[in-house]
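**Student:** I'd like to ask some things about the structure below.
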Amino acid sequence: MFNVILFGAPGSGKGTQSQKIVEKYQLKHISTGDLLRSEIAGGTTLGLEAKKFMDDGKLVPDEVVIGMIGNLIDKNKDAKGFLFDGFPRTIAQAEALDELLKKSNAEINVVIALEVSEEELVTRLLGRGKISGRSDDANETVIRSRIEEYRKKTAVVADYYQQFDKVKSVQGEGSVEEIFELLSKIIDAVI
Ligand code: ADP
């Protein structure tokens, strides 16, 4: 199995690049944001619980997200590998992911961090809010709160993987194709 984490702040381009990566390398895309939004759309108990946090720009509690990922990994034991997008977002999630993968004799092979300045993030998210229909993109206060959560709880996840020498940083400003080429080079070197 070959497992990648695409890491970066909200608006850093993880979703866009993830779609291209999974297509090129035939990986199973796991986006916790998409999974949570589909729980909300389905009106499930999990979705209702998660919505309160998402509307405020806060992280959904670890146990909710970890349970969801555990089920998905179990259901996809035959996958060539996973591309994690928007997960793990806390150290507890990173530790839980390591444990879950270990059960399949697998591990995270590389963490690719997309680097984008804060002003560019806000501009992109507000722009996306006008077309995506995502309420958490339409409000600048919620956007700032998501970036704050990222700085307080998620940025340290890169340090967690750094201790195992697994992190590669990429400049996330440029054209989608330019960035995709940089990401592909990193993956080709590790795969
Ligand atoms: P973005 O990274 O652009 O904010 P996502 O779709 O990845 O968009 O996440 C949207 C929201 O979903 C987050 O603000 C958070 O509330 C929730 N969420 C997504 N992934 C996680 C996670 N791994 N842990 C906790 N909350 C999450």
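**Student:** Using a 1.4 Å probe over the heavy atoms of the protein chains, calculate the carbon and sulfur portion of the accessible area of region 2-177 as a whole percent. The partial results should precede the final answer.
**Tutor:** Details: 4320 of 8680 Å².
Reported share for carbon and sulfur atoms: 50 percent.
**Student:** Over all directions, the average projected area of the alpha-carbon convex hull for region 8-79 comes to how many nm²?
**Tutor:** On the way: hull surface 21.9 nm².
With the hull built on Cα positions only, its mean projection is 5.5 nm².
**Student:** Oh, and also: How do the peptides 40-48, 177-185, 57-65 rank, highest first, by the average count of neighbouring beta carbon atoms within 10 Å per residue?
**Tutor:** 57-65, 177-185, 40-48
**Student:** Extending each Cα 7 Å along its Cβ direction at S117 and K58, get the distance between those two points in nm, one decimal.
**Tutor:** 3.2
**Student:** How big is region 2-177 by Rg and Dmax over its Cα atoms, in Å?
**Tutor:** Spelled out, the Cα radius of gyration and Dmax of region 2-177 are 15.5, 43 Å.
**Student:** I've got another one for you. At 1.4 Å probe size, with every protein chain present, just tell me what the per residue accessible area of the chain comes to in Å².
**Tutor:** On the way: 9630 Å² over 191 residues.
Result: 50 Å² of accessible area for each residue.
**Student:** Classify region 55-107: rounded, prolate or oblate, from the alpha-carbon gyration tensor (a ≥ b ≥ c, eigenvalue square roots; a/c under 1.5 rounded; otherwise prolate if a/b is larger than b/c)?
**Tutor:** Verdict is prolate for region 55-107.
**Student:** Then there is this: With +1 on each Lys and Arg Cβ and -1 on each Asp and Glu Cβ, and nothing else charged, work out how big the dipole of region 12-159 is about its Cα centre, in Debye to the nearest 20.
**Tutor:** Details: 23 positive and 25 negative charges, 83 e Å.
Dipole about the Cα centre, nearest 20: 400 debye.
**Student:** Compare the peptides 141-147, 70-76 by average per-residue count of other Cβ atoms within 10 angstrom and give them in order, highest first. Walk me through the numbers before you get to the answer.
**Tutor:** On the way: 141-147: 17.4, 70-76: 13.7.
Output ranking for 141-147, 70-76: 141-147, 70-76.
**Student:** Tell me the net charge near V111. Cut-off is 9 Å between Cβ atoms, V111 excluded, with +1 for each Lys or Arg and -1 for each Asp or Glu. Don't skip to the end; give the middle numbers.
**Tutor:** Details: positive: K166, K168; negative: none.
In short, +2.
The values are calculated or read from the model by the stated rules, or taken from the named source; none is laboratory data. Being a predicted model, the structure only gives us computed values, none of them experimental. No Cβ is skipped: glycine too gets one built from the backbone with ideal geometry, and neighbour counts run over all protein chains shown. SASA here: full protein model, heavy atoms, side chains in, ligands and nucleic acids out. Shrake-Rupley method; radii C 1.70, N 1.55, O 1.52, S 1.80 Å.
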